Amino acid sequence: MRASDIRKGQAVIIDGNLYVITEADHNTPGNLRAKVQFKMRDVRKGTIQNKRVGATDDIETANLDRRTVEYLYEDGTGYVFMDNETYEQSTIPADVIGNDIKFLKPNEQITASFLEGELVTYELPNNVELEVKECPPGIKGATVTNQTKDATMETGLVVKVPPFIEAGQLIRVSCSDGSYIERVNK
């Protein structure tokens, strides 16, 4: 596949190693040859690497099997997910999933990609519903339109919310940037 056609989340084989693309940036500087800058995670080692290739270079891709998995719990080495088809459990190391875990509650379902039965990458949903656990009270009579306050969600995620949000309420949060979308009625 041409390097310019590769997108985030795809698995590629470079120098005999399997990588998952976490960012792909296509760049054409002036009248020079187009380049693609990849940020990719080594599936076996878990390390992040940058690689720049020509936009027309051919890169070998790996076919991944996409399935729904359910987040179960955290153990000492990472986060355990169960494949909803085979009921097999896989652990994603804590340093690989990073802060993304703050968007997931136990029993939350996400899409994961497998290669030869091994979970290699995952996709968060566009947004999630989380309960506000801690939130300072709103200021009476505050009418400034862009006023926000920090609220701590049930997963530990801190979100900037409007002043009318209170502890115990359910809100919808964007997984792409961690921003408040709307209040959800229970």
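Measure off, as a whole percent, the carbon and sulfur share of the 1.4 Å-probe accessible area of the chain, all protein chains present.
Exposed carbon and sulfur together represent 43 percent of the surface.
Looking at the P(r) of segment 113-183, how many percent of alpha-carbon pairs lie beyond 16 Å?
52 percent
Tell me the per residue accessible area of the chain using a 1.4 Å probe; a whole number in Å² is fine.
Working: 11050 Å² over 186 residues.
Value for the chain: 59 Å² per residue.
Once the other residues with Cβ under 11 Å from the Cβ of ARG2 are scored (Lys, Arg +1; Asp, Glu -1), what is the net sum?
With Lys, Arg at +1 and Asp, Glu at -1, the neighbours total -3.
I need the P(r) histogram for segment 27-134: all alpha carbon pairs, bin width 5 Å from 0 out to the longest distance, whole percents.
Over segment 27-134, the share of Cα pairs per 5 Å bin runs 2, 10, 18, 19, 16, 12, 9, 7, 4, 2, 1 percent.
When we measure straight from the Cα of LYS160, which aspartates and glutamates land under 20 angstrom away, once same-chain ones fewer than 8 places off are left out?
ASP100, GLU129, GLU131, GLU134, ASP150, ASP177, GLU182
Normalised by the number of residues in the chain, what is the relative contact order in percent for Cα pairs under 8 Å and 6+ residues apart?
14 percent
With the convex hull built on the Cα atoms of segment 143-186, state its orientation-averaged projected area in nm².
On the way: hull surface 13.3 nm².
In nm², the orientation-averaged hull projection of segment 143-186 is 3.3.
Loop-only chymotrypsin sites (Phe, Trp or Tyr not before Pro) in segment 66-118, please: DSSP not H, G, I, E or B, and at most 13 other Cβ atoms within 10 Å.
Taking segment 66-118 and a limit of 13 other Cβ atoms within 10 Å, the loop chymotrypsin sites (Phe, Trp or Tyr not before Pro) found are TYR87.
Please list 3J(HN,Hα) in residue order for segment 115-120, calculated via the Karplus relation 6.51 cos²θ - 1.76 cosθ + 1.60 where θ = phi - 60°; whole Hz, with x for glycine and proline.
10, 6, x, 9, 5, 10
Work the Kirkwood hydrodynamic radius out for the chain: mean of 1/r over every pair of different alpha-carbon atoms, inverted, in Å. Before the final figure, lay out the partial values.
Values: mean 1/r = 0.0531 Å⁻¹.
Final number for the Kirkwood radius of the chain is 18.8 Å.
Counting only helical runs of four or more DSSP H residues, what would the 222 nm mean residue ellipticity of the chain come to if each run contributes -39,500 (n - 2.57) and the total is spread over all its residues?
-500 deg cm²/dmol
Check cross-link reach from LYS8 to the lysines: straight Cα distance under 18 Å, and skip same-chain residues fewer than eight apart.
LYS35, LYS39, LYS51
Tell me the Rg and the Dmax, in Å, that the Cα atoms of segment 1-83 produce.
For segment 1-83, the Cα radius of gyration and maximum Cα-Cα distance read 15.5, 52 Å.
Can you tell me how much longer the chain between ALA62 and LYS186 gets when fully stretched, taken as 0.36 nm per residue apart minus their C-alpha distance, in nm with one decimal?
That pair, ALA62 and LYS186, stretches by 40.4 nm at full extension.
The values are calculated or read from the model by the stated rules, or taken from the named source; none is laboratory data. What you are looking at is a predicted structure, and each value in this text was computed from that prediction instead of being measured. All Cβ positions, glycine included, derive from the backbone under ideal geometry; neighbour counts span all protein chains shown. Areas reflect the complete protein model, heavy atoms only, side chains present, ligands, DNA and RNA absent. Shrake-Rupley method; radii C 1.70, N 1.55, O 1.52, S 1.80 Å.
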